[in-house]
Amino acid sequence: MKKTILYDEHLKHGAKIVEFGGYLMPIEYTNISLEHQAVRKRSGLFDVSHMGEIEVKGREATEFINYLTTNDLRLVGHKKMAYSLMLYENGGVVDDLMVYKYNNEHYLLVVNAGNKDKDYEWIINHKGNFDIEINDLSDQISLLAIQGPYSFKVLQKITDFDLNSLTLFDFAEFMVLGKQCMVSRSGYTGEDGFEIYASNEDILYLFKELASFPEVSLCGLGARDTLRFEAAMPLYGHEISEDINPLEAGLGFAVKLDKDFIGRDVLKHAKETGLNRKIVGLELLEKGIARSGYEVYHGEEKIGYITTGYMIPNTDKTLAFALVDARYSSIGMDVSIQIRKHRVASKIRNKKFLEKKYIR
């Protein structure tokens, strides 16, 4: 298993370590519920150095990434981020990613850890005759995320850069505690937050400093998953995969069908003829937790399966996402979930589990 530069720090802080995406990563430090609430009420610090960073530079960088991914990077300004997806020819998802656009000839693609090697090979194999250069920078860059309502205050204390100049999906390069960083403003948690990219050794220094702030709680991948779920963010291998396309997942905002990209024709046809399946929100009406893979029924007919499910920390709400037959996707419809030997009554609801708090 690989380790991030922060592995020893995680152990010092008492983290429980698990394998994730080929890395040994902290799943929790105290417990998932406390860490979840820390992000909602104060700020949480995450090690996300396992993510992959792939640089694309060159005269035809914009044309290449527009062909490679679903979003239209021609519409994205300089020093802006965009959410996008790489697709197989059949419309299934290779990976979802954040695209950082420095300018028309320089991009950074931030991809999921478990998919990084597959993604890099996919990108290289589709380079074709585009006038570009592709570099895997993953081993040279580490990444922190600080998320929550206090994240702005904490980060502003340790930089002279005016963070008010960054709004949602902006990024800039500046010094943080004397270390050269690239900082973006977004959030996988539904809260205001920042991503801090720097060299491995500089991230180690910044982690130690940020962890000393009383407003900051260290958070593991467990809380990261409950937070992204509550914020209705997809996770690769759950709400999107090689078998679940972005339209089924409700990610049409990141799919621009008026331009050419790998997999476009399949998605265009699906949109024109109507989707057969959809990811929906579910609320359980009885006691139980809907785990990934559990079957969903309408009457006696199996209509789909759970992709993610949790009891939201410090609430009495048990919620889930499910991929279901589109004929049974209407909000308010009564369904049931097979949990062990019992069918648990549930209702289809919207996926707006949380009022997001981004700074736009």
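Work out from phi, with θ = phi - 60° and the Karplus expression 6.51 cos²θ - 1.76 cosθ + 1.60, the ³J(HN,Hα) of each residue of segment 108-114, listed in order in whole Hz, and give x for Gly and Pro.
Along segment 108-114, the couplings run 10, 9, 9, 10, 5, 4, x Hz.
Suppose every K and R has +1 on its Cβ and every D and E has -1 on its Cβ; what is the size of the dipole of the chain about the Cα centre, in Debye to the nearest 20?
1240
Given segment 276-349, report the % of alpha carbon pairs whose separation exceeds 20 Å.
In whole percent, the long-distance tail amounts to 16.
With θ set to phi - 60° and the Karplus curve 6.51 cos²θ - 1.76 cosθ + 1.60, what are the ³J(HN,Hα) couplings of segment 190-203 in order, to the nearest whole Hz, using x for Gly and Pro?
x, 9, 4, x, 9, 10, 10, 9, 7, 5, 4, 5, 5, 5
Fewest first, what order do GLU53, GLU63, GLU355 take by the number of other Cβ atoms within 10 Å?
GLU355, GLU63, GLU53
To the nearest 0.05, how large is the calculated FRET efficiency for ARG291 and ASP160 if R₀ is 41 Å and r is the Cβ-Cβ distance?
About 0.30, to the nearest 0.05.
Helix-derived [θ] at 222 nm for the chain: sum -39500 (n - 2.57) over DSSP H runs of at least 4, divide by residue count, nearest 500?
Numbers: 8 runs with 73 residues, N = 360.
Taken over the chain, the calculation gives -6000 deg cm²/dmol.
Just want the ordering: THR273, THR167, THR4, from fewest to most Cβ atoms lying within 10 Å of their own Cβ.
In order of increasing Cβ crowding within 10 Å: THR273, THR167, THR4.
If you average the sequence gap of Cα pairs under 8 Å that are 6 or more apart and divide by the length of segment 276-349, what percent do you get for the contact order?
Values: 187 pairs, mean separation 29.7, N = 74.
Contact order relative to length: 40 percent.
Tell me, what is the FRET efficiency for LYS357 and ALA254 to the nearest 0.05, using R0 = 22 angstrom and their Cβ-Cβ distance as r?
0.55
At ILE331 and GLU301, where each label point lies 7 Å from the Cα along Cα→Cβ, what is the point-to-point distance in nanometres?
Result for the modelled spin labels: 2.3 nm.
Could you tell me how far the Cα centroid of segment 194-210 sits from the Cα centroid of segment 294-360, in Å?
Their Cα centres are 38 Å away from one another.
Are there GluC sites (Glu not before Pro) in segment 232-298 that DSSP marks as loop and that have at most 14 other Cβ atoms within 10 Å, and which are they?
Sites meeting the loop and neighbour criteria: GLU286.
Run down the aspartates and glutamates and flag those whose C-alpha is under 15 Å from the C-alpha of LYS79, throwing out any fewer than 8 positions away in its chain.
GLU55, GLU105, ASP170, GLU173, GLU195
If you line up the Cα atoms of segment 152-284 on their principal axes, what length do they span on each, largest first, in Å?
Taking max minus min along each principal axis of the Cα atoms, segment 152-284 gives 55, 40, 26 Å.
Report the label-to-label distance for ILE124 and GLU209 in nanometres (one decimal), using points 7 Å from each Cα along the Cα→Cβ vector.
Each label point is offset 7 Å from its Cα along the Cβ direction, giving 3.6 nm.
Taking the Cα centre of segment 276-349 as origin, work out the dipole magnitude from +1 charges on Lys and Arg Cβ and -1 charges on Asp and Glu Cβ, in debye rounded to 20.
In total the dipole reaches around 140 debye.
Give, to the nearest whole percent, the P(r) tail of segment 215-346 beyond 22 angstrom, counting all Cα pairs.
More than 22 Å apart: 42 percent of the Cα pairs in segment 215-346.
For segment 51-92, list residues with backbone N below 17 Å from a point placed 7 Å from the Cα of ASN104 toward its Cβ?
Hits in segment 51-92 for ASN104 at 17 Å: 57-67, 72-80.
Laboratory data are not the source of any read-out in this text; all were calculated from the coordinates shown. Source: prediction; values computed, not measured. Methodologically, a virtual Cβ is constructed for each residue, glycine included, from the backbone with ideal geometry; neighbour enumeration extends over all protein chains shown.
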